[in-house]
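I have placed the structure first, in the form of structure tokens, so that the comments after it can refer back to it.
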Amino acid sequence: MSGTDARTVAYVATTQYPEQPAPPSTTGVLGWLRENLFSSVTNAILTLLSIAFLVFLLPGFFEWAVFQSVWNASSLTECRQIIQVAHGEGADGACWAVINERFNQLMYGFYPIDKYWRPNVALIILIAAMIPVLFRSMRPLAYAMGVILAGKALFAVYAVATGAPIAIFSSPTTYVAAALLVAALVVGGPARKNRWLILTFTYPFIAYFLLWGGIFLDSVPSTQFGGFLLTMVIGVTGISFSLPIGILLALGRQSKLPVLQIMCVTFIEFIRGVPLITLLFVASVLLNYLLPPGTEFDLILRVLIMVTLFASAYMAEVIRGGLAALPKGQYEAADTLGLTYWQGMRLIVLPQALKISIPGIVNTFIGLFKDTTLVAIIALFDPVGLFNPIRADSDWNGIIWELYGFVALVFFICCWGMSQYSQFLERRLRASDRR
Amino acid sequence: MSVAAGQQEPSFRIDMLWTDERYRSLFIQVIAMMAIMLGFAWLVNNAIQNLSDLGKDFDFGFLWQPANYDINQRLIEYTSRDTNARAAVVGILNTLLIAAMGCIAATLLGVIAGVLRLSKNWIVAQLMRVYVEGFRNVPLLIWILLIMAVVNESLPSPRAFRGEDGIEAGAIVLTNRGFYVPAPILDNFGAYIVLVVAALSLIGVFLLRRWSTAYQAKTGELLPPMSNTATIGVASLAGAAGGFILGLLLFGLIATQFSISAPAIFWPAMLASALMGVLVARWAATSLLSGLMIIILVVPTVLVFVVLGSPISLEYPELRGFNFRGGVWMRDSLIALWIALSLYTGAFIAEIVRAGILSVSHGQTEASFALGLRPNRTMNLVILPQALRVIVPPLISQYLNLTKNSSLAIAVGYMDATGTLGGITLNQTGREMECILLLMAFYLTVSLTISSVMNYYNTRVKLVER
């Protein structure tokens, strides 16, 4: 029986129907709106509430922060006067003039003004020292230096136009940036990338020499360090030393030697069990007791040690997670190949374990960078420590949002940048997994 | 037999200590041990030397001497004539108070934000993303100081509530010196009876849930949906009453927040509370279990409360002179610390919750739908139990972080353990070493206790692998 002919089946299509476009309510802007904003009654209510919230908040915010803000004034009272004159009685606007006036203090603390080029150069060399670690080629260095030089050139043009001296362009910063730009273009090929690591490893000495001075440069006592300079000094030191120490602690915790293991576990659990602030108290009042009588020991150096130890313990736990996630076969394979313990760790285990723990490592870095603000509590003048002196100044008495907001924004950009880089790195390493 | 005895036993050479597997590990450990012990001995020796040079000793006797300073925020009786030890206990209790308050608020915020970040609603998800990224990437200390400054400088001072044209003070008063909330008066016997009944009801609900789970496990049957009209009625009434009271509390708070006078807020608040009552009543009427739970929770307590002639009354804050008296005064420092810690930790918890929910594969949801479970049962029975396994350990470590971060209280003058023991006591007695050691011991105890609880939980919920 042939079955499916016209007499036994009620309806048979004899022609191919042309493809129909999707209903307009599911495509385009309308479809997107339906899908993402109004998919149900609850969602529609939530959407409307959110929009109401934004409408309530955003126009006022922009009016305050942008349209009615003041950039040049010498005190909060003057700011308010300018706003009242320009926008009428009762108008409210941001007084960014406080950032304008205190910018140098927020950046460099009490570092001597004629020596600002030294932290600047240190920062530029820091970029050059970081790029061989962070990227595959030196090209980002060329971009970064290009941006810096272009910015300086713009300022110089502005200075010429307004008749001011163009000293800003002929500073050591410019020369170093230009030299690094040339170096990145000439010897920045992938083949030579590893040589740049020499710069990375010598960077601590370069930075110490530039910031503290000594042989050729006038020495600057660290009591004059402050602002974001101090944040960077503590953050960069902590980040660069906590990773190797953390790796050693993690390996020690996994070690088969009981004494080493117990030592590492005790250290890690102790550090992780107490707040950073108590360790900073140790640095500020207790460390003097524990050193030989008469030792004069720089407070910032003491803080650096404590912050590094603190971050190392957290780092060790993150890396231990990575080591534990690695299949046992990898360890056994390293042994089978006849590699020594350190060879096996360096060539087989750690590259994989560190790759697994990248998100955790970067989170620890971010946490450390944020925790540098705690030094304000032991009376160091990092940006947070500068809040009170600035607000105690009669000119700026009563300023809150502008000052706190600016410092918070700088921290946000740094930390958010770090987390974006970690996501970029994860994607890159995942791509190399696929092959 | 003495056959070539010299060849059998290779002579021990000194370099075998680090080349021979047999001796190396022992050798390394002995060296490490010696280095550590020498290091410790050196530190202790330095400390003894330094202390004796300064004419100090290592003695905890100062703990039993009068503290000679006041603590404004305290949970137990304390005067400046009490001992340093008691001051430290006041501080420790304050730490535990802020930690408990912070953990509860942060969990609520975090769970809501985490779930909403996964919402299909684009704008809500983006708003939550802004919240999470904003708080995670800015130091906590800045948030604490900012909120403290905002409370101090933008809220009205108690003086602004004075006189005819002053702001009308509601039941909850927000001033730049802190928040004043009504305090329950528990000075009679009836009040305790009500509290005991309420506690028993809570235990009853807990037992009921356990019993119904066991019943379902044994017979494979859920408690039937409600059929009896009378039960539905009582459950709905109880639900409506409970929801109404909850709504009044909630919207009363919102009303006072904006300093709206009582008549203006009365009807909207009533309406909102009634709506809340209806919602709870609807939920209570869905099944026997939820109905019973609401009945047990609400009915006995309300009955006892009414029968005993409302033994619990509220003491409202009242303006006397330049300040408010009565009620509970939550100081500005406590408020700033609480809000900042909750918002900051809430952002981290939101990410944990999100990761936990995402960790349950979509196949689980689909399988559950295929079995015919409705969305909320899918959430409760399939997704949450699996997600919790991922969520709880990092959640508890966030609680631990919050507790440790509460030591930042010292920046706004909230007298927690760091502020008393590590702050004023340390500065007044000059006993740096003793104070900091005690402080570390306290935080270590808390941390180790919480992590042992976490380890216990981890071993309990660990997947049993075959």
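Read-outs throughout are calculated quantities, based only on the coordinates presented, and are distinct from any laboratory measurement. In this text, all values refer to a predicted model and were calculated from it rather than measured experimentally. Methodologically, a virtual Cβ is constructed for each residue, glycine included, from the backbone with ideal geometry; neighbour enumeration extends over all protein chains shown.
Can you tell me the Rg and Dmax of the range A:175-256, counting just the alpha carbons, in angstroms?
My reading of the Cα-based Rg and Dmax gives 17.1, 53 Å.
Please identify, among A:97, A:316, A:191, the residue showing maximal mean-square fluctuation in a Gaussian network model of chain A using a 10 angstrom Cα cutoff.
A:191
At a Cα cut-off below 20 Å, give the lysines reachable from residue B:404, other chains included and same-chain residues fewer than 8 away excluded.
A:370
Please compute the contact order of the range A:17-129 in relative form: average sequence separation of alpha-carbon pairs under 8 Å and at least six residues apart, divided by the residue count, as a percent.
Across the range A:17-129, relative contact order equals 16 percent.
How charged is the neighbourhood of residue B:178? Take every other residue with its Cβ under 9 Å from the Cβ of residue B:178, and add Lys/Arg as +1 and Asp/Glu as -1.
Taking every other residue near residue B:178 into account, the sum is +1.
Testing the spin-label approximation: label points 7 Å from Cα along Cα→Cβ at residue B:69 and residue B:203. State their distance in nm.
Here the modelled spin labels are 4.3 nm apart.
Can you give the net charge of the other residues whose Cβ lies under 13 Å from the Cβ of residue A:319, counting K and R as +1 and D and E as -1?
+2
State the three equivalent ellipsoid semi-axes of the range B:20-99, derived from the C-alpha gyration tensor as the square roots of 5 times its eigenvalues, in descending order and whole Å. Present the calculation step by step, with values, prior to reporting the outcome.
Details: eigenvalues 392, 88, 11 Å².
Sorted largest first and rounded, they come to 44, 21, 8 Å.
Could you compute the net charge surrounding residue A:213? Neighbours are other residues with a C-beta less than 15 Å from the C-beta of residue A:213; K and R count +1, D and E count -1.
Local net charge: -1.
For residue B:315, which sequence-distant residues (separation of 5 or more, or a different chain) have an amide H within less than 5 Å of its own amide H, given hydrogens modelled in the peptide plane?
Answer set, sorted by chain and number: B:183, B:185.
With unit charges on the beta carbons (Lys and Arg positive, Asp and Glu negative) and the dipole taken about the Cα centre of the protein assembly as shown, which residue among B:371, A:72, B:157 sits farthest to the positive side?
So the residue furthest toward the plus end is B:371.
What average count of beta carbons from other chains do you get within 10 Å of the Cβ of residues in A:282-295?
Rounded to a whole number, the mean comes out at 5.
From the phi of every residue in the range A:48-64, what ³J(HN,Hα) in whole Hz does the Karplus formula 6.51 cos²θ - 1.76 cosθ + 1.60 yield, where θ is phi - 60° and glycine or proline is x?
Values per residue, Gly and Pro as x: 4, 4, 4, 4, 4, 4, 5, 5, 5, 9, 5, x, x, 5, 5, 4, 5 Hz.
Please compute the Kirkwood hydrodynamic radius over the range A:251-375, one decimal place, Å, based on all pairs of different Cα atoms.
Hydrodynamic radius (Kirkwood, Cα pairs) of the range A:251-375 is 16.5 Å.
Near residue A:115, which aspartates and glutamates are there with a Cα under 18 Å away, not counting those fewer than 8 places off in the same chain?
Partners found: A:218.
Straight-line reach from residue A:256: which lysines fall under 16 Å, measuring Cα to Cα and dropping same-chain residues less than 8 apart?
Here the lysines satisfying the reach criterion relative to residue A:256 are A:328.
Pairs of alpha-carbon atoms within less than 8 angstrom and 6+ residues apart define the contacts here; what relative contact order does the range A:135-292 have, in percent?
Across the range A:135-292, relative contact order equals 16 percent.
How large is the translational diffusion coefficient of chain B in µm² per second when you combine the Kirkwood radius over alpha carbon pairs with Stokes-Einstein at 25 °C and 0.890 mPa s?
Reported coefficient: 89 µm²/s.
Unpartnered cysteines of the protein assembly as shown (Cβ-Cβ under 4.7 Å counts as a partner)?
A:264, A:414, A:415, B:103, B:435
With a ≥ b ≥ c taken as the square roots of the eigenvalues of the C-alpha gyration tensor of the range A:119-159, please select rounded if a/c is under 1.5 and otherwise prolate if a/b is larger than b/c or oblate if it is not?
oblate
Amide H of residue B:83 versus every other amide H placed in the peptide plane: which residues, excluding those fewer than 5 positions away on the same chain, fall under 5 Å?
HN-HN under 5 Å from residue B:83: B:67.
Quantify how strongly other chains surround peptide A:265-271 by giving the mean number of their Cβ atoms within 10 Å of each of its Cβ atoms. Show your work: numbers first, answer last.
Numbers: counts 0, 1, 0, 0, 4, 4, 0.
Whole-number average of other-chain Cβ neighbours for A:265-271 is 1.
Would you calculate a helix-derived [θ] at 222 nm for the protein assembly as shown, using -39,500 (n - 2.57) for each DSSP H run of n ≥ 4 and dividing by the full residue count, to the nearest 500?
Estimated from H runs of four or more residues: -22000 deg cm²/dmol.
Lys/Arg Cβ at +1, Asp/Glu Cβ at -1, dipole of the protein assembly as shown taken about the Cα centre: which of A:56, A:30, B:174 is farthest positive-ward?
A:30
Quantify how strongly other chains surround peptide B:315-321 by giving the mean number of their Cβ atoms within 10 Å of each of its Cβ atoms.
0
Sorting check: for B:108-121, A:284-297, which peptide has the highest mean count of neighbouring beta carbons within 10 Å, and how do the rest follow?
Averaged packing, sorted descending, gives the order B:108-121, A:284-297.
In whole Hz, with x marking every Gly and Pro, tabulate ³J(HN,Hα) for the range B:362-368 from phi via Karplus 6.51 cos²θ - 1.76 cosθ + 1.60, θ = phi - 60°.
5, x, 5, 4, 5, 4, 5
Ignoring solvent entirely, what values of log10 I(q)/I(0) come out of the Debye formula for the protein assembly as shown at 0.09, 0.10 Å⁻¹ when each Cα is a single scatterer?
-1.24, -1.49
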